[in-house]
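One structure is given here, and the rest of the page talks about it.
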Amino acid sequence: MPKLTDAEIQRAKRAEKPYKMPDGGGLHLFVSTAGGKLWRYRYEIAGKEKLLSLGTYPAMGLEAARKARDEARDTVANGRDPAAFKKLRKLAATQSADNTFEAIAREWYELNKPQWVERHARDVIDSLENDGNAIFKTIGKIPITDITAPDVLSLLRPIEKRGAKEAARRIRQRLSAIFVYAIASGRATNDPAAVVKGAMAPMKKGRQPAITDLAEAKAMLANVNAEKAHPVTKLALRILALTVVRPGTLAGTPWTEWTGLDPKEPTWHIPAERMKLRLQHKDDETRDFLVPLARQTVEAIDALRILTGRGPLAFPNARHAHKQMSENAIGYVVNRAGYQHRHVPHGFRALFSTVMNERYRADKPVIDLMLAHVPKDRVEAAYNRAEHLERRRELAQIWADLLLESAVPAINLLTGPRR
């Protein structure tokens, strides 16, 4: 049986016609007219003669070619066509790339995105892409079947430790939904994110922590201003405290909503699509929210415009200007000032409600409107929105004067200590 040597293969030169150099057992080296050298294996399957390309020389050496031939010969002996088997292996490799956690997660996201409001959709993908959570960065390229419950828990623990227990639980739910989607589509067999649910840090039940004493709140704002933090974050905190909108609504504010404010009666017009409403109400203009702005709020917006006014977002992400800032950014600076577990950004709504209802009991319906607690009746909601706008403007100014009494002007926050 002829046997090739490395020396013979190296000496083989191109010729006018292609030729074969047999090695035995169906293996030969095919030399093209251009001088290229290709390993081929000749075999029969179902009475038909076929050729299987194994690889090129010198990338595939003599011993590797013989090993590939032997594997193909065993495949034939088992009644399978090695050419078809090779195609299946290539397909499996391709499918393996499509079965990474990130690939399936993005597929799940695109499937569900149409039924989500824009703000929620951004929050979902940001929680997976954000380096602070390190989901895609850590497990994105791993086949989804290789991810274990300890892997998932190791992703959630750092999020819990930085005080974002609620965020960690939301991310676990999203991870679980992705695993369930993979199971349903035949690419996974278990949901490790469901297993870790009982191992997560417990949450305190009840209302979110909030300071509701005015004097203590004013001291807190002063302490936060003294902290090292980006001025955009400090201005966001001030505007949030003055307008008492929801933190998520503020974080996603585009500059278009604050362009051309009436100098006499400045009013922030928030489209219904950005409010906390059911999806079917997002296109209902009667559910747009009007926020009369106090003088101090406009001053804070003007100061902010110096920093971010050239971009589309009033509060852009520090790393990605095309994305909004994280809602957690405001909470972190409050925590660093010593108010962790005592006050959260959402707590300004409770502070405003407590202080203003104690002082202006007759204005409770108006105060509720300022918190976007709109009556369920559509006609009444539209009527009240217009009917009480002037009184809401008066209360907004009263609130700003109370809260920012002796506070530094907004423009001073641009030059304060930075982190």
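So how far apart, in nm, are the two label points at residue 70 and residue 259 if each is 7 Å from Cα heading toward Cβ?
Going by the 7 Å Cα→Cβ label model, 7.3 nm.
Contour minus end-to-end for residue 157 and residue 228, with contour as 0.36 nm per residue of separation and end-to-end as the Cα-Cα distance? Could you put the intermediate results ahead of the total?
Working: separation 71, 0.36 × 71 = 25.56 nm, distance 2.60 nm.
Length gained, residue 157 through residue 228: 23.0 nm.
Could you tally the net charge around residue 411, taking each other residue with its Cβ under 10 Å from the Cβ of residue 411, Lys/Arg +1 and Asp/Glu -1?
Details: positive: none; negative: 299, 302.
Residues near residue 411 contribute -2 overall.
Convex hull over the alpha-carbon atoms of segment 124-218: what's its volume per residue in Å³?
Taking only Cα atoms, segment 124-218 has a hull volume of 121 Å³ per residue.
Mind checking the full-extension length gain between residue 288 and residue 146? Use 0.36 nm per residue of separation minus the Cα-Cα distance, one decimal, nm.
Numbers: separation 142, 0.36 × 142 = 51.12 nm, distance 4.68 nm.
Residue separation times 0.36 nm, minus the Cα-Cα distance, leaves 46.4 nm.
What Rg and what Dmax come out for segment 211-274 when only alpha-carbon atoms are used, in angstroms?
Rg then Dmax for segment 211-274, in Å: 13.8, 36.
Enter the accessible area per residue of the chain (Å², integer; probe 1.4 Å; all protein chains in place).
For the chain, the per-residue accessible area is 54 Å².
As a check on your grasp of the helix formula, calculate [θ] at 222 nm for the chain: sum -39500 (n - 2.57) over DSSP H runs of n ≥ 4, divide by the residue count, round to the nearest 500.
-14500 deg cm²/dmol
Pull out the extension gain between residue 362 and residue 98, defined as 0.36 nm times the separation in residues minus the alpha carbon to alpha carbon distance; nm, one decimal. Intermediate values should be presented prior to the final figure.
Working: separation 264, 0.36 × 264 = 95.04 nm, distance 6.15 nm.
Taking 0.36 nm per residue and subtracting the Cα distance, the gain is 88.9 nm.
Please report, as a whole percent, how much of the solvent-accessible surface of the chain comes from carbon and sulfur atoms (probe radius 1.4 Å).
52
Report Rg (one decimal) and Dmax (nearest whole number) for the chain, counting Cα atoms only, units Å.
32.8, 106
The values are calculated or read from the model by the stated rules, or taken from the named source; none is laboratory data. Since the model is a prediction, treat every value here as computed from it, not as a measurement. For neighbour counting, all protein chains shown are included, and Cβ atoms are generated from backbone atoms with ideal geometry for every residue, glycine included. When the accessible area is computed, the model is the full protein with side chains, heavy atoms only, and any ligands, DNA or RNA have been set aside. Shrake-Rupley method; radii C 1.70, N 1.55, O 1.52, S 1.80 Å.
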